[in-house]
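Report on the structure given below.
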Amino acid sequence: MGTENSATAPSSIAVTTPATPSTATAPAGTPLRGTLQAALGVAAFSLTFPATAWGLESFGAWSLVAVRSVLAALIAGSCLLALRVPLPARRHWAGLAVVAGGVVFGFPLFTTLALQTSTTAHAAVVVGLLPLTTALFSALRVGTRPSRTFWTAALAGAAAVVAFTVQQSGGALTTADLYLFAALLVCAAGYTEGGRLARVMPGWQVIGWALVLCLPLSVPAAAVALSYEPVHLTWHGVTGLLWVAAGSQFLGLVVWYRGMAAIGIPKASQLQLAQPLLTLVWSVLLLGEHLTVAAPLTAAAVLVCIAVTQRARG
């Protein structure tokens, strides 16, 4: 958290100085730093599905989602309190509610329910389609207009990831798929709104306030879920819970929103094309799942698409 604290001061100055547009005063290295920050977010998110699978060894689906939200909110709230961060302006609370509904509750809940019956490899189809969906939400909400080259590369990358994940699952649609597609929609909305808010406040405060906003719901939800679902604590289960709470739910979103604010929502979202493949690697290393020979071919195609989208001008 030391890096975030050091970066908060300049961001706060920028927020309190309306006449300082981020695009006009940003140093030359900002796009590179933004890309690295977004990439770190993707790396953190790539561990979410394997960590969730571990967490389900100890907790029920509803318990895991509620407890991770409470723990992440306690971390975020402690940071906000320690740094004496003032409450966001009233006009930002609606956007924070969208972030909370999308990335704090919606995406974790739908993907956790899906992972009760789906493998992590199959669930990766969500993040394979998420960049394209996020770019579409961004075009509607923020008014971005990416170039035709950008859209062609984004569609090609999404198609490559979908083809790979569908081939892995045998092409069958299940109830888990419905959960995954629902997660896709709510998460894209949350990412888009969070990226927009990260232009006017530090990214860590965006997710921090969204988590705190959910506490009146997550605390009673955790209490009820834990009373109904059995808990069998294991090393895997506790580790998975701690990662999805601290890594995926807070720290990963901190650097992700900062990256989106620096390089733009559409370009940052395309970096997530690599996330399913990273998830598959973690699935092999942590869960013992097996990869096919199609994995390196898909990885090469996705990397080409990412390179094209990063060069395409909006």
Just name the residue that is surrounded by the fewest Cβ atoms within 10 Å (Cβ to Cβ) out of those in the stretch 281-297 that are modelled with pLDDT of 85 or more and in contact with a helix residue (DSSP H, G or I) (Cβ under 6 Å, 6 or more places away or on another chain).
-> Leu287
Scan the stretch 281-302 residue by residue and report those that are in a helix (DSSP H, G or I), touching a Leu at 6+ places or on another chain (Cβ under 9 Å), aliphatic (A, V, I, L, M) and more than 23 Å from Lys267 (Cα to Cα).
-> Val281, Val284, Leu286, Ala295
Inspect the stretch 304-312 for any residue being surrounded by 24 or more Cβ atoms within 10 Å (Cβ to Cβ), in contact with a helix residue (DSSP H, G or I) (Cβ under 6 Å, 6 or more places away or on another chain) and under 14 Å from Ala39 (Cβ atoms) and give the result as yes or no.
-> yes
Could you tell me whether His236 is in contact (Cβ under 8 Å) with a residue 24 or more places away in the chain and either among the basic types (Lys, Arg) or exposed (fewer than 15 other Cβ atoms within 10 Å of the Cβ) (or both)?
-> no
Taking the stated definitions as given, is Tyr191 touching a Phe, Trp or Tyr at 6+ places or on another chain (Cβ under 8 Å), farther than 19 Å from Leu273 by Cα, assigned to a helix (DSSP H, G or I) and modelled with pLDDT of 85 or more?
-> no
Subset of the stretch 220-267 (residues that are outside any helix (DSSP H, G or I) and charged (D, E, K, R)) | Glu229
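The values are calculated or read from the model by the stated rules, or taken from the named source; none is laboratory data. What you see is a predicted model; the values in this text were computed from it and never measured. Glycine gets a Cβ as well: all are built from the backbone with ideal geometry, and neighbour counts include every protein chain shown.
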